[in-house]
Amino acid sequence: MRDRELYFHSGGTRGFTAFIGFCPDPVTAVVALTNTSPTPTGRFVLNAYLLLRSQALA
């Protein structure tokens, strides 16, 4: 498995959570939005990151 550069950012506010991630080689991007508040044990951001990583390594 090759190492890849992954750039990402996540955030949230009352009622919304967002994730954006990008891998320059191969060009891969994931944007995920939800209308639920972020939670300490929520898996939304983790799952979005894992999707980005799996697509970049495919």
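The values are calculated or read from the model by the stated rules, or taken from the named source; none is laboratory data. Values in this document were obtained by computation on a predicted structure and should not be read as measured data. Note that each Cβ is placed from the backbone with ideal geometry, even for glycine, and that neighbours are counted across all protein chains shown. Surface areas here come from the heavy atoms of the whole protein model, side chains and all, with no ligands, DNA or RNA. Shrake-Rupley method; radii C 1.70, N 1.55, O 1.52, S 1.80 Å.
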Open item on the list: Please pick out the residue among PHE16, PHE44, PHE8 that is open to solvent by 90 Å² or more (accessible area, probe 1.4 Å) and within 11 Å of the chain's Cα centre (by Cα).
Closed with: PHE8
Task: Near pairs, Cβ below 7 angstrom, 6+ apart or cross-chain, from segment 31-58 (touching a residue at least 24 places away in the same chain (Cβ under 8 Å)) to any residue that is open to solvent by 80 Å² or more (accessible area, probe 1.4 Å) - done: SER37/ARG14; TYR49/PHE8; LEU52/PHE8; LEU57/MET1
- [ ] Please go through segment 10-42 and pick out each residue that is closer than 22 Å to ALA58 by Cβ and out of contact with any helix residue (DSSP H, G or I) (no Cβ under 9 Å at 6 or more places or on another chain).
- [x] PRO24, VAL27
